[in-house]
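Below is one structure, written out as structure tokens; the observations come after it.
The values are calculated or read from the model by the stated rules, or taken from the named source; none is laboratory data. Predicted model only: the values in this text are computed from it and were never measured. All Cβ positions, even for glycine, are placed from backbone atoms using ideal geometry, and neighbour counts span all protein chains on display. Calculation scope for accessible area: heavy atoms of the full protein, side chains included, ligands and nucleic acids excluded. Shrake-Rupley method; radii C 1.70, N 1.55, O 1.52, S 1.80 Å.
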Amino acid sequence: MSLTTETAAESAAVHEDDPRRSWAAVFALARFEARDLLRYIPVVATLLLYVGYTAWTLFHEKEGMDAFPALQDADRDTQTGPLLLGIALFVCVNRCTLRSRRRGTDRQFDVLVMEPWRRTVAHVLSVVPFAAVTALVVLGEFTRQALRQGAVGHGSLAELAVGPLYVLLCGAFGVLLARLVPSTFAAPVGVVGLFVFSVFISTGTSGAEWSRWLSPIVGENSGNTVLPSDLIGRPAAWHALYLTGLVLLLAIGAVLASGGRTVYLKAGTAGALALTLAGAVGQSGGVSAELEAAREQATVSPQRDQTCVKRAGSTYCAFPEWTGRAGTWAQAVDRVQSLAGGTAARQPLLVRQRVEARYGLSGDGAIDPLTAPGQVTVGTRWGGNRVPEFAVAVASVLVAGDESKGSELCDGRVVTTMWLALGGASHPMTDLANVRLDDSVTGSAYVLAPTSGLSMTAGQTDVLRELLERPRGEVTASVKRHWNELTASGVSTVQVARVLGAEVPKGAMDCAEE
């Protein structure tokens, strides 16, 4: 049945001197081959898995940091989805191209008007619909992220093009391999070879910039931070050009291996090779001196690049892409200050967005605490655990005076700080677990913050848990009434527990006593 349909599609080219009818036959055969690919279980399974999972993520309610996406990271997140689909197409397109050889019908095809190289073109074009579907999925995935209320930043069209180009690349390589090595065992061996090659260029060359970008998909994890769009530094446009040239080079190589020798094919080979080399050279340039200077400035002197707005007496300074988030930060600050007493309840704060950008996307994002009074650090990520961590930073500044002193708190003021940070939360016990490094609510633990955190002893944890379980209004009134005593340097956890009417825990209460 397949042979009959394929033969009929190829027979549409009645006369070699009629190029329009010849190409119409090529497109007809390409449509047949595209439909035939859907008969293969690996292609159908990976396609449904890719489309289905992406659709589920689009309509699934995001929580935590996922509810506040940065589009300069979201564009790269679209690149890993088509991986399995590309591998399945590589194997199955290779098998389709070898169909006539497996069935011994090459001699029958040789009497048709359509030359072998035109049949090869049809096999290459059969992958285009799958690349188009990938492009639609990528566009839908990114658009959904961009429409989220908490989205910030700017995406890159070149980054979004990687997924569809990868699918085309796998298809073209499958056809080329079939023409060069006409064996059904070549494709599985090719998959293993590609895996070994990708591992080699990522580790065997010590992560060199020129070799790292030879891989079709170059993933970079930004850790706990998000860089502003103009500090990303990825040669996305050059890489897209490199992939485009590589797709054309493999496709034209397959056609040439099938006997195509027209002037246009030779010119196309030269053009594809030029595109590939230009992209490869452009993407291997590394970080420019201008970008390094911009990253240094954003890290050391962020105020030069930021815009500041005032909210309820406090000032919020952020990089241009994050200025719309000042209102959300202000809500967290107001919640913490509403629980404080004395002048801290009305103290104007300077909340400054800070980022460690000097090491690019490979850095861990660690930031040193500020030493200036009344200044609080906020990161470029938001949502989830980042909210209570920011509240800890605000509370530590209100209690200790600045971030540097807040990270050194060791006495009973730790209890006061943590009460301010968590007492106004909707689910304080959940936030307590989220903000501690070991996700515990008992015993000693390290508390996370945008810069340096603080340490809690088991006794301080016990007192805080009792306060969080009591009526919020009752504890708030007691904290405001005894504010000066609770924030005095050297106050012990025993004193804090007695002042607030909590049970005094047994054993060591402060880290200095342990």
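A Cβ-based charge dipole, computed about the Cα centre of the chain with Lys and Arg at +1 and Asp and Glu at -1, lands at about 1360 debye. Residue ranges 276-286, 453-463, 333-343 sort as 453-463, 333-343, 276-286 when ordered by packing (mean number of other C-beta atoms within 10 Å per residue, highest first).
Percent of Cα pairs in the range 359-401 per distance bin of 10 Å, from zero to the largest separation: 25, 49, 24, 2.
Neighbours of A366, meaning other residues whose beta-carbon lies under 14 angstrom from its beta-carbon, give a summed charge of -2 when Lys and Arg score +1 and Asp and Glu score -1. With the convex hull drawn around the C-alpha atoms of the range 388-514, the volume per residue stands at 87 Å³. Each peptide among 190-196, 255-261 gets the average number of other Cβ atoms lying within 10 Å of its residues, and from highest to lowest they stand as 255-261, 190-196. For the range 279-406, the antiparallel share of DSSP beta bridges with both residues in that region comes to about 40%. When DSSP beta bridges are restricted to pairs lying wholly in the chain, around 55% turn out antiparallel.
Structural size metrics of the chain, computed from C-alpha coordinates, are Rg and Dmax of 30.7, 100 Å. Charged neighbours of L291, selected by a Cβ distance under 14 Å, balance to -3 (K, R count +1; D, E count -1).
Give a quick list of trypsin sites (Lys or Arg not before Pro) in the range 141-191 that DSSP marks as loop, anything other than H, G, I, E or B, with at most 15 other Cβ atoms within 10 Å. Listed in order of number, the matching sites are R148. Listed peptides 364-371, 233-240 appear in the order 233-240, 364-371 once ranked by packing, highest mean of other Cβ atoms within 10 Å at the front.
Can you give me the span-like helices of the chain, meaning DSSP H runs with 18 Å or more of Cα extent along the axis and Kyte-Doolittle mean at or above 1.0? Counting only whole DSSP H runs, the qualifying helices are 41-59, 83-97, 128-146, 162-180, 186-199, 236-257, 263-283, 386-400. Applying both filters, DSSP loop and at most 14 other Cβ atoms within 10 Å, to the trypsin sites (Lys or Arg not before Pro) of the range 405-508 gives K506.
Across the options F390, S407, W117, the greatest Cα extent toward the positive end of the charge dipole of the chain (unit charges at beta carbon of Lys, Arg, Asp, Glu) belongs to W117.
Working note: 222 nm ellipticity from helices only, DSSP H runs with n ≥ 4, each -39,500 (n - 2.57), summed and divided by the residues of the chain, gives -17000 deg cm²/dmol to the nearest 500. In terms of overall dimensions, the C-alpha atoms belonging to the range 323-417 reach 42, 31, 23 Å along their principal axes, ordered largest to smallest. Charges were assigned to the Cβ only: +1 to each Lys and Arg, -1 to each Asp and Glu. The resulting dipole of the range 270-334 about its Cα centre is roughly 220 debye. In the context of the full set of protein chains, the chain has a per residue accessible area of 45 Å² (1.4 Å probe).
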